[in-house]
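Okay, structure first, notes after.
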Amino acid sequence: MAAIVAGRVRRPLTAWHCCLEFYAVATRLPGEVRLSPADAWQLIEEEILGRFEVRQLPERARRAFVRTAAEERLVGGRIYDAHIAEVASLARVLVLVTDNVRHFAGLAHRGVRVMSAAQFAEELATV
């Protein structure tokens, strides 16, 4: 995030699903670190919406996405990773940063590099 704040990351994008996931997790953490809904919203508004371009799967692509997921027999929470990958692909991102690198390995054939946050930060430090 420091690299984004410093302007070293050109055109940072995220999927709307990631905003929702942050809110869901932040508001259900154990008591001492749990955020109130108002605080979670404030962080989303200031730190994400204020710094990232937020993308969503276009309406015209939704049916085909779910049809393909069914044909590929995706089950459970893997649909969310597939959704984020599809949003990234349609946005023509060059690098996807995640803590679930192996869940997004399939993006390589679409020309998207998948890196952990640590790998991305290390690479930025050398630029």
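Values quoted throughout were computed directly from the atomic coordinates according to the rules given, and no laboratory measurement underlies them. Because the structure is predicted, anything quoted here is derived from the model rather than measured. No Cβ is skipped: glycine too gets one built from the backbone with ideal geometry, and neighbour counts run over all protein chains shown.
Taking region 94-127 as the range and being over 15 Å from Leu13 (Cα atoms) and assigned to a loop (DSSP other than H, G, I, E, B) as the test, the residues that pass are Asp99, Asn100, Gly111, Ser116, Thr126, Val127. The residue that is farthest from Trp41 (Cα to Cα), among those in region 14-28 that are surrounded by fewer than 17 Cβ atoms within 10 Å (Cβ to Cβ) and aliphatic (A, V, I, L, M), is Val25.
Here Leu57 passes the criteria (1) surrounded by 11 or more Cβ atoms within 10 Å (Cβ to Cβ); (2) assigned to a loop (DSSP other than H, G, I, E, B); (3) without any contact (Cβ under 8 Å) to a residue 24 or more places away in the chain except the one numbered (3).
Within region 96-124, being surrounded by 15 or more Cβ atoms within 10 Å (Cβ to Cβ) and of a type in the set (A, V, I, L, M, F, W, C) holds for Leu96, Val97, Phe104, Leu107, Val112, Val114, Met115, Phe120. Glu47 meets the stated requirement of being closer than 15 Å to Val9 by Cα and assigned to a helix (DSSP H, G or I).
Within region 3-22, the set of residues being part of a helix (DSSP H, G or I) and within 18 Å of Thr98 (Cβ to Cβ) comprises Ala3, Ile4, Trp16, His17, Cys18, Cys19, Leu20, Glu21, Phe22.
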